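A short worksheet on the structure shown next.
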Amino acid sequence: MSTAITPTHDHAYQGAHDARDHHDDHGPGNWTRIFTTTNHKDIGSMYLWFSLFMFFVGGSMALLIRAELFQPGLQFVQPEVFNSLTTVHALIMIFGAVMPAFTGFANWLIPMQIGAADMAFPRMNNWSFWLMIPAAILLFASFFVPGGAAASGWTLYPPLSIQGGIGLDMTILAIHILGASSIMGSINIITTLLNMRAPGMTLMKMPMFCWTWLITAYLMIAVMPVLAGAITMLLTDRHFGTSFFNAAGGGDPTMFMHIFWFFGHPEVYILILPAFGIVSQIIPTFARKPLFGYASMVYATASIAMLSFIVWGHHMFTVGMPAAGQLFFMYATMLIAVPTGVKIFNWIATMWRGSLSFETPMLFCIGFLCMFTLGGFSGLVLAIVPVDITLHNTYYVVAHFHYVLFPGAIWGLMAGVYFWLPKFTGRMYNETLGKWHFWLSAISFNITFFPQHFLGLAGMPRRIPDYALQFAEWNMVSSIGAFILGFSQLLFVWNVVSCIRSGEKAKAKQWEGADSLEWTHLPSPVPYHTFEIAPVIK
Amino acid sequence: MGAGRIRFYFIQVFGQFFVKDNARSLQVQHTNRIMLFKLLLIVPVMLIFCASLVPLYRQICKVLGITATRSMAANTQVDASRFIAVDFVANLNTNFAWNFAPVEKHVDIHPGEKMTVNYRVTNTLPYATTGRAVPSFAPIEGGLYFNKIECFCFSNQTMQAGETRDMPVTFYVNTNIPKEIGAIALSYTFFNVTEASDGAKKL
Ligand code: HEM
Ligand SMILES: [Cu+2]
């Protein structure tokens, strides 16, 4: 990317700006502005804080689950509550932690990286954030209504999701609201990326983070309505006497699974593609080399997104699908590993013979690379139909998706926070503490989730509060790991808070290898309004 | 005012409800709004797609014939090249005042084919009685290839005074049955076991 900058004066814009923007121009200071702000940086921060909070709420639920599974037998929670915990843990982590955190980064970074002044629709932006609050409250409150929170698993399969109490209706409503919020967010991001780029910022010059978000946003607009449709049908089955999925009235529960996973598989890529983008920016920075195969990265991301629409059947190999269907979904699933592999090799090639240095963001990216690849491999194992028939619904699946989601999505996000915190706040985090956070996380993550492969292979089913005695040892190991993992995340909060309050001053270009606009063109901390005059990218 | 102009005003005025634009110029602002409506359009399209998945899914399964999947697969275990004649006989042990007779006296089936037949039993006594049926085969080797999946002879049968009941036998003849055996007679004899079973209950 070029560094030459020529200010241009777009007179129409200047005039329009003065007329329109003065009311939210009061900058930082008054906290009540969080309700009315339309500034992309404010909204980005709000998203990030919200998701950090939800990460800890979801994490506490996970620790309760692991406490219960520390030993066989029932110790802390009843089976019904246990099932609610696994359900709401997943929903909170997916819709409350990972997705909003990515949107938070999108808000902060996309306008700066393409040289725009703000998002295309700032008022809608404020809306999409504030919609999440009632949704989160609904999810929490559902624990306290008669019948408790949804206990059907995050996949909401009937018949359990048809039988549940009012907590399930609240969950469905919450998902509707969160879906609307993500659709609005996505529309905003696509419009910003396609229409608001600075002169000279062609699509193929955009940083990878922008590209992955462009593709993710399209995925979201395409599949969120499908989820909304499916859960609406659930709702009418529950209350209005329809029988889409209700077997008692001639409906077909398997059909729900098809529709759900038509949403669900693209959803897992929604949860990972923006992390691919973050990693694709951090690795070149600390390898001090441009990203290897930029164009192939773009095409690989796009192919992953397109293929993700035709592989949903790998979640339901055991429903009694014809062999032809199983074979189709098996090969299609394995096909996705090809573009994913392209990305992995490109990251490795970027590091190859680079002048590597290992600051915290880079450590998290390398952890991401190793562990995510492992998760991809266990995914490939599960893609093999005869193997999946024995491993489906066991802890092996739990191990698989935690390997792709924790080091994939969460470490991607952590890397991003450490990487951009100096830019956002103008202050440096504590490098030693960051490294502690990484190593504790990396070790305890593996203590927690690696044994779950063994448990799954030995036949331990997922989503159970109690288990046969032969599973006791590895469950105990896993629970110990989980508690270390959970509490090490407090180091992260401590580091972020003390960075904001008393970190050392950061340089405008804190990382010498960074080359996107926010590093090359803007001071640290970035001012409240940036690129009001478009930079010209050559 | 041309159609293009009307569209422009529509988008400008209507778009105002949704958004406060942050565009650098009126042109960008306008293209942003067009984009907003285009992208919003994807939402109902995908909702309709989702709803249409319900009938579509049924149709596709029907067309491809994948409704009941595996259980639909042809049973390769049936030997359709030959028939076995099976005769059903009923006997009563002495002093046992039940009526006992096969509903179907004869069936012809392929080896490997599953079949259910019934015996009709009436307790003509004025009090409840328990009986136990014991099967026997002719020829005796026939019994080796005669597999009962479910049979009233598997357990004691208690009949109330005057009760009538159909008692099923589900069976198939093993495909290994030698060529020379073309017919099997299955005969049941009911024994009165009331005292024995009452004694067992008292114990
Ligand atoms: C090479 C890439 C991948 C392959 C081949 C793959 C394959 C699979 C298969 C076959 C299953 C179903 C297992 C079962 O239920 O029996 C599965 C489950 C799952 N995968 Fe992956 N996967 C891959 C990557 C990912 C990624 C990148 C993510 C998310 C970031 C992900 C998240 C999940 C989740 C959440 C589930 C469990 C869903 C549930 O049942 O609750 N996978 N994967
Ligand atoms: Cu999947």
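The values are calculated or read from the model by the stated rules, or taken from the named source; none is laboratory data. Since the model is a prediction, treat every value here as computed from it, not as a measurement. Please note: Cβ atoms are built from the backbone with ideal geometry, for glycine as well, and neighbour counts cover all protein chains shown.
Brief remarks follow.
- Selection within region A:330-353: residues that are surrounded by 14 or more Cβ atoms within 10 Å (Cβ to Cβ) and among the small types (Gly, Ala, Ser). The member of this set that is farthest from the other protein chains (Cβ to nearest Cβ) is A:Ala349.
- Residue under evaluation A:Tyr396, criteria (1) within 16 Å of ligand 2 (Cβ to nearest atom); (2) free of Cβ contacts under 8 Å to residues at least 60 places away in the same chain; (3) buried (at least 24 other Cβ atoms within 10 Å of the Cβ), criterion not met: (2)
- Of the residues making up region A:346-363, just one is charged (D, E, K, R) and more than 17 Å from A:Ala514 (Cβ to Cβ), namely A:Arg353.
- The residues of region A:312-328 that are outside any helix (DSSP H, G or I) and within 14 Å of ligand 1 (Cβ to nearest atom), listed by number, are A:Met316, A:Met321.
- Looking across region A:234-271, just one residue is in a helix (DSSP H, G or I), free of Cβ contacts under 8 Å to residues at least 24 places away in the same chain and at the interface with chain B (Cβ under 10 Å from one of its Cβ atoms), and that is A:Met255.
- Only one entry of A:Phe358, A:Phe377, A:Phe372 meets the criterion of being within 16 Å of ligand 2 (Cβ to nearest atom) and loosely packed, with under 15 Cβ neighbours inside 10 Å, and that entry is A:Phe377.
- Restricting A:Ala97, A:Ala67, A:Ala120 to residues that are within 14 Å of another protein chain (Cβ to nearest Cβ) and aliphatic (A, V, I, L, M) narrows the list to A:Ala120.
- Identity of the residue in region A:297-329, more than 22 Å from A:Thr212 (Cβ to Cβ) and within 12 Å of ligand 2 (Cβ to nearest atom), that ends up surrounded by the fewest Cβ atoms within 10 Å (Cβ to Cβ): A:Met316
- A:Ile177 falls short of the stated requirement of being facing chain B (nearest Cβ under 10 Å), without any contact (Cβ under 8 Å) to a residue 60 or more places away in the chain, touching a Pro at 6+ places or on another chain (Cβ under 9 Å) and aliphatic (A, V, I, L, M).
- A:Gly426 being away from ligand 1 (no atom under 14 Å from the Cβ), modelled with pLDDT under 95 and closer than 30 Å to A:Arg501 by Cβ: yes
- Subset of region A:98-156 (residues that are β-branched (Val, Ile, Thr) and surrounded by fewer than 24 Cβ atoms within 10 Å (Cβ to Cβ)): A:Ile133, A:Ile137, A:Val145, A:Thr155
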